[in-house]
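Colleague: Sending over a structure as structure tokens; questions will come in a sec.
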Amino acid sequence: MSDKEKEKKQGTNISRRSFLKGVGTGTVAATVAPAILVGDSETAEAQTDGAASTAKIQLNINEKLYEIEVEARTTLLTVLRDGIDTGGNSVDLTGAKLICDRGECGGCTVLADGKAVYACMMLAMDAQSKQITTVEGIANGDDLHPVQEAFIQHDAMMCGFCTPGFIVSSVALLNENQKPTIAEIKDSLSGNTCRCGTYPFIFDAVETASEKM
Amino acid sequence: MDKFSYVNASSLKQVTSLLSDSGWGEVMMIAGGTDLLSELKEYIETPKTLINLKTLPGMDSISANASGLKIGALATVADIAKHRTIQQHYTVLAQAAASVATPQIRNVGTLGGNLCQRPRCWYYRDETVNCLKKGGDICYAVDGLSKYHAILGGDPVYIVHPSDIAPALIALNASLKIAGPEGEKTLKVEEFFTLPAANPFRENVLQPNEIVVEVQVPQPKPNTKSFYLKAREKGAPDFALASVAGVFEMMGKTCQTANVVLGGVAPAPWRSAEAETTLTGKMINESVSLKAGAEAVKDAQPLNDNAYKVTLTQNLISRTAMMAVS
């Protein structure tokens with residue numbers, strides 16, 4: 001059976017979490033079976049010509065080091081949400097959301113060396129040697145980041161599913177440009193989609209946050 | 001995505017020799033991956049091996065001097081859009097780069113990837129459709145849904161080329177360096193792209209064992225004005241419905257030379273010799289600029305759903321020309 005057929009077959013055996021992950025994507029079958037991670041018997045494939053189909057990699061996520069065995073096709077987003085490190089601990093950073101899985105919606109936005117990127121469109125292997133920051137790493141302990149405070153103050157969310165991505169994109173903007181114009185705010189958030197349409201409140205929140213930074 | 005092996009590239013020689021043993025599709029190159037990974041996720045491509053180009057040293061540099069600009073193929077779209085010298089002296093290029101996709105994609109997408117990205121046609125991108133471009137018998141856009149398809153140069157495949165940067169580079173008379181097993185060669189960016197009549201399966205002349213290394217852009221003369229205008233369906237990031245890269249050498253309100261290259265309307269970036277001839281040597285005003293637009297689309301052959309692109313393209317050209325005198 002090809003991997004594709006397997007993915008489709010696994011679509012009939014949906015757990016609550018994988019169902020939730022599929023919601024809003026339109027294609028449940030394509031999303032409930034992310035690239036298989038550690039523990040899959042097939043990962044012990046022979047490695048030839050210096051080409052690796054699996055590798056043990058080190059990732060620096062929110063200033064914590066994780067050692068994880070991944071397949072080459074595993075995305076950073078899959079590691080964040082479903083990854084298990086070599087010590088058997090779940091990475092369990094589910095702030096970045098799996099929504100479109102095609103680099104279009106922005107729900108999975110994280111920082112790579114301070115720049116906003118789509119975790120669904122970055123291979124985990126390519127995240128090595130980069131400093132990855134997810135929405136979980138934005139606050140300083142219990143002290144919320146000014147962007148997070150401003151989102152609360154302006155009620156800049158409805159369902160909240162897109163909020164982590166918007167927070168991360170806003171932080172990326174303010175790290176680079178502390179006094180953005182409204183046009184710059186809109187451009188910097190143009191890679192994130194909010195189906196509830198809370199954009200005006202989000203733009204207000206980023207303006208407020210920029211005044212505090 | 002199907003499984004694949006991953007090789008970190010160490011030299012161009014290694015890359016071209018790894019590529020040489022296979023035709024298209026078995027061994028593929030990945031840089032930013034924003035286009036390739038979506039093709040892999042849709043099973044449009046199912047390579048056995050990916051060569052990671054990001055580990056090639058020094059290929060992401062941008063250097064500018066009085067004679068021109070050299071941009072490594074691994075420079076990101078964001079690096080190009082934000083580069084001060086490019087914004088100042090190669091405005092059309094900076095504007096085109098800034099119009100690409102979203103900040104997240106510009107931060108990882110590369111120059112080489114932008115030039116070599118595959119078409120966005122919904123038939124091509126559908127795993128279940130074996131269209132002409134993928135070796136089938138029919139371009140389904142001809143009798144199917146063709147809102148985003150070509151109005152110029154389409155026969156027999158009516159995709160449009162999705163790159164914003166390519167029209168800007170062609171309008172700036174840029175060249176492109178390609179490495180292959182036999183060494184390096186340089187050709188005009190304009191000669192890099194091909195129409196489906198020459199090869200329905202690919203959008204450029206790159207061979208399976210070749211790689212785009214660098215783009216070279218001669219510095220425009222001081223009296224040059226350049227612009228990139230891009231029409232999208234709505235304000236949000238998207239591929240162009242139609243776009244115009246215009247580079248004009250001006251003497252007062254008179255256009256001494258005009259380079260007009262269209263995006264989003266043909267299977268390759270489309271230089272409009274008709275618009276260029278109409279504008280060259282003329283005092284630019286509304287009637288001249290409208291005539292340039294009309295000349296550019298006089299041979300357009302729209303499909304069922306994309307006649308709007310004819311008017312849109314004409315007006316975009318006219319607006320671009322008028323910007324040179326405003």
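No value in this document is a laboratory result; all are computed from the given coordinates. Note that the coordinates shown come from a computational prediction; the quantities given were computed from them, not determined experimentally. Note that we place each Cβ from the backbone using ideal geometry, even for glycine, and neighbour counts take in every protein chain shown.
Colleague: Between B:Arg271 and residues 5 or more places away or on another chain, which pairs have amide H atoms under 5 Å apart, with H built 1.01 Å from N, and which residues are they?
Modeller: Here B:Leu262 satisfy the definition.
Colleague: Let me ask you something else. May I have the pair-distance distribution P(r) for the protein assembly as shown, computed from all Cα-Cα distances with 10 Å bins from 0 and rounded to whole percent?
Modeller: 4, 18, 27, 27, 18, 6, 1, 0
Colleague: Further, regarding this structure: State the extension gain, in nm to one decimal, for the chain segment bounded by B:Thr128 and B:Asp305, taking 0.36 nm per residue of separation less the distance between their alpha-carbons.
Modeller: 61.5 nm
Colleague: What would the Debye formula give as log10 I(q)/I(0) at q = 0.14, 0.21 Å⁻¹ for the alpha-carbon point model of the range A:101-173, no solvent?
Modeller: At q = 0.14, 0.21 Å⁻¹ the computed log10 ratios are -0.44, -0.91.
Colleague: Kindly state, to the nearest 0.05, the FRET efficiency for B:Ala198 paired with B:Ile138, given R0 = 30 Å and r defined as their beta-carbon distance.
Modeller: 0.95
Colleague: Given 0.36 nm per residue, what is the gain on full extension from B:Gln256 to B:Asn65 after removing their alpha carbon distance, in nm?
Modeller: Working it through step by step, the gained length comes to 66.3 nm.
Colleague: Using the Karplus curve 6.51 cos²θ - 1.76 cosθ + 1.60 with θ = phi - 60°, work out ³J(HN,Hα) for each residue of the range B:306-317 in order, rounded to whole Hz, and write x for Gly and Pro.
Modeller: 10, 5, 4, 5, 5, 5, 4, 5, 4, 5, 5, 4
Colleague: Still on this structure: For the range A:123-163, state the semi-axes of the equivalent ellipsoid (square roots of 5 times the eigenvalues of the alpha-carbon gyration tensor), sorted largest first and rounded to whole angstrom.
Modeller: 26, 14, 7
Colleague: In a Debye calculation with equal point scatterers on the alpha-carbon sites of the range A:54-132 and no solvent, what is log10 I(q)/I(0) at q = 0.17 Å⁻¹?
Modeller: Calculated log10 I(q)/I(0) at the listed q: -0.56.
Colleague: OK, next. Relative contact order of the range A:146-212: what whole-number percent is it, with Cα pairs under 8 angstrom and at least 6 residues apart?
Modeller: 54 percent
Colleague: Could you compute Rg(Cα) / (2.2 N^0.38 Å) for the range B:45-97, with N its residue count?
Modeller: Relative to the 2.2 N^0.38 Å estimate, the range B:45-97 comes out at 1.40.
Colleague: When only C-alpha pairs under 8 Å and at least 6 residues apart count, what is the relative contact order of the range A:54-132, in percent?
Modeller: Relative contact order, the range A:54-132: 35 percent.
Colleague: Any idea which of B:Ala64, B:Met323, B:Ile51 is furthest toward the positive side of the dipole for the protein assembly as shown, if Lys and Arg beta-carbons carry +1 and Asp and Glu beta-carbons -1?
Modeller: Result: B:Met323, furthest along the dipole toward the positive end.
Colleague: With a cut-off of 8 Å between alpha carbons and a minimum separation of six or more residues, what is the relative contact order of chain B in percent?
Modeller: After rounding, I find 17 percent.
Colleague: Could you list which residues have their amide H under 5 Å from that of B:Tyr6, counting only those 5 or more apart in sequence or on another chain, with H placed in the peptide plane?
Modeller: Under 5 Å from the amide H of B:Tyr6: A:Ala52, A:Ser53, B:Leu50.
Colleague: Using only the alpha-carbon atoms, what does the range B:224-323 span along each of its principal axes? Please give whole angstrom values in decreasing order.
Modeller: Each principal axis gives a Cα extent; for the range B:224-323 these are 40, 28, 23 Å.
Colleague: What list of ³J(HN,Hα) values in whole Hz, one per residue of the range A:181-196 in order, does the Karplus curve 6.51 cos²θ - 1.76 cosθ + 1.60 (θ = phi - 60°) give from phi, with Gly and Pro shown as x?
Modeller: Working through the residues one at a time gives 7, 4, 5, 5, 4, 4, 5, 5, 9, 6, x, 10, 10, 10, 6, 6 Hz.
Colleague: What number of lysine-lysine pairs in the range B:224-323 show an alpha-carbon separation below 22 angstrom, given a sequence spacing of 8 or more or placement on distinct chains?
Modeller: Counting lysine pairs in the range B:224-323 gives 13.
Colleague: Highest mean first, how do B:305-313, B:16-24 rank when packing is the count of other Cβ atoms within 10 Å averaged over residues?
Modeller: B:305-313, B:16-24
Colleague: Right, another one. Using 0.36 nm times the number of residues separating A:Met213 and A:Ile152, minus their current alpha carbon distance, what extension gain do you get?
Modeller: Residue separation times 0.36 nm, minus the Cα-Cα distance, leaves 20.3 nm.
Colleague: What are the extents of the Cα atoms of chain B along their three principal axes, in Å, largest first?
Modeller: Between the extreme Cα coordinates on each principal axis of chain B lie 58, 50, 35 Å.
Colleague: Here's another thing I want to ask about it. So who's got an amide H within less than 5 Å of the one on B:Gly68, skipping anything under 5 residues away but keeping other chains? H placed 1.01 Å off N, in plane.
Modeller: B:Gln219
Colleague: Let me ask something else. Putting +1 on Lys and Arg Cβ atoms and -1 on Asp and Glu Cβ atoms, find which of B:Tyr148, A:Asn62, A:Met121 reaches farthest to the positive end of the dipole of the protein assembly as shown.
Modeller: Value: B:Tyr148.
Colleague: Between B:Asn285 and A:Glu63, what is the spin-label point distance in nm, taking each point 7 Å from the Cα along the Cα→C-beta axis?
Modeller: The modelled label-to-label distance comes out at 6.6 nm.
Colleague: Taking +1 at the Cβ of each Lys and Arg and -1 at the Cβ of each Asp and Glu, which of B:Cys131, B:Ala273, B:Ile105 sits farthest along the dipole of the protein assembly as shown towards its positive end, judged by Cα position relative to the Cα centre?
Modeller: The listed residue farthest towards the positive side: B:Ala273.
Colleague: Suppose R0 equals 25 Å; then what is the FRET efficiency for B:Glu184 and B:Trp24 from their Cβ-Cβ distance, rounded to the nearest 0.05?
Modeller: 0.70
Colleague: Okay, moving on. For the range A:146-212, take every pair of Cα atoms, bin their distances at 10 Å starting from 0, and report each bin as a whole percent.
Modeller: Per 10 Å bin, starting at 0, the Cα pair percentages come out as 25, 63, 12.
Colleague: Which value at 222 nm does the protein assembly as shown reach when only helices count, each DSSP H run of 4 or more adding -39,500 (n - 2.57), with the total divided by all residues and rounded to the nearest 500 deg cm²/dmol?
Modeller: -8000 deg cm²/dmol
Colleague: Determine the dipole magnitude for the range A:146-212: charges of +1 sit on the beta-carbon of Lys and Arg, -1 on that of Asp and Glu, nothing else is charged, the reference point is the Cα centre, and the result goes in debye to the nearest 20.
Modeller: My answer is approximately 140 debye.
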